[in-house]
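The values are calculated or read from the model by the stated rules, or taken from the named source; none is laboratory data. Here the structure is a predicted model, which is why all the values come from computation and not from measurement. Glycine also receives a Cβ, built like all others from the backbone with ideal geometry; neighbour counts cover every protein chain displayed.
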Amino acid sequence: MSTTTEPGTQPVLLLVCSSGGHLAQLLALRPWYETWRRCWVTFDTPEARSLLAGEEVVPAYHPTTRDLRNLLRNAVLAARLLRRRRVAAVVTTGAGVAVPFVVLARLRRIPTIYIEVYDRIDTPTLTARLCRPFLSAMLVQWEEQRRQYPEATVVGTLL
């Protein structure tokens with residue numbers, strides 16, 4: 001995985017997610033983002049290295065659930081990336097790694113897009129609840145998820 005963080009002149013799409021299902025759902029959007037210059041922020045796992053081979057990847061710190069030290073480390077990472085890069089937008093499916101990136105991007109007036117995961121239909125995820133005040137757009141995969149997020153746009157299932 002590449003850890004290059006030099007500034008670029010072309011805007012970059014920052015795709016932020018934990019590995020596993022969150023990563024799989026963002027990968028399903030490939031037809032939408034394949035023409036963009038992009039940088040991934042995810043965990044350095046064998047699965048992520050395999051799925052993102054050839055992509056620019058910045059490893060995030062994990063675990064993120066209830067780990068204040070890694071939340072702070074990811075906040076520093078987010079601040080550094082958002083300062084050094086010309087970020088067009090932050091797009092995420094969660095989980096915890098997304099919070100500092102969404103908050104800091106929004107404070108810098110960078111558009112932030114959250115896609116709620118497909119398997120949480122009746123209750124919102126903790127990450128979505130934390131990110132929601134800082135979002136430019138909230139996207140959901142099921143009409144039923146709009147009960148939790150009435151302002152959301154239904155985009156259909158990604159997987």
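General observations
- Condition check for Trp32: aromatic (Phe, Trp, Tyr) and exposed (fewer than 15 other Cβ atoms within 10 Å of the Cβ): yes
- Long-range neighbours under 6 Å by Cβ, at least six apart or interchain, first residue over 14 Å from Gly94 (Cβ atoms) and free of Cβ contacts under 8 Å to residues at least 60 places away in the same chain within the stretch 137-159, second surrounded by fewer than 15 Cβ atoms within 10 Å (Cβ to Cβ) and among the β-branched types (Val, Ile, Thr): Glu143/Val154
- The condition of being at negative phi and under 14 Å from the mean Cα position of the chain (by Cα) holds for only one of Leu71, Leu26, that being Leu26.
- Residue within the stretch 10-22 that is among the polar types (S, T, N, Q), touching a residue at least 60 places away in the same chain (Cβ under 8 Å) and surrounded by fewer than 16 Cβ atoms within 10 Å (Cβ to Cβ) present: yes
- Here Gly156 meets the list (1) closer than 22 Å to Trp36 by Cβ; (2) part of a helix (DSSP H, G or I) almost entirely, failing just condition (2).
- Taking the criterion of being modelled with pLDDT under 95 and at positive phi, the only residue of the stretch 100-159 that qualifies is Gly156.
- Enumerated strands (runs of 3 or more DSSP E) restricted to the stretch 1-108, each holding at least 1 residues that are over 25 Å from Leu126 (Cβ atoms): 12-17, 38-43, 87-94
- Total residues in the stretch 39-51 satisfying the condition of being within 26 Å of Ser136 (Cα to Cα) and out of contact with any helix residue (DSSP H, G or I) (no Cβ under 6 Å at 6 or more places or on another chain): the figure is 4.
- The set of residues from the stretch 125-142 being crowded, with 21+ Cβ neighbours inside 10 Å, of a type outside the set (A, V, I, L, M, F, W, C) and either under 16 Å from Arg108 (Cα atoms) or under 14 Å from the mean Cα position of the chain (by Cα) (or both) comprises just one member, Thr127.
- Residue in the stretch 109-120 that is farthest from the chain's Cα centre (by Cα), counting only those that are buried (at least 16 other Cβ atoms within 10 Å of the Cβ) and in a loop (DSSP other than H, G, I, E, B): Arg120
- Across the stretch 64-89, the qualifying residues are those that are of a type in the set (S, T, N, Q) and touching a helix residue (DSSP H, G or I) at 6+ places or on another chain (Cβ under 9 Å), and the one among them that is surrounded by the most Cβ atoms within 10 Å (Cβ to Cβ) is Asn74.
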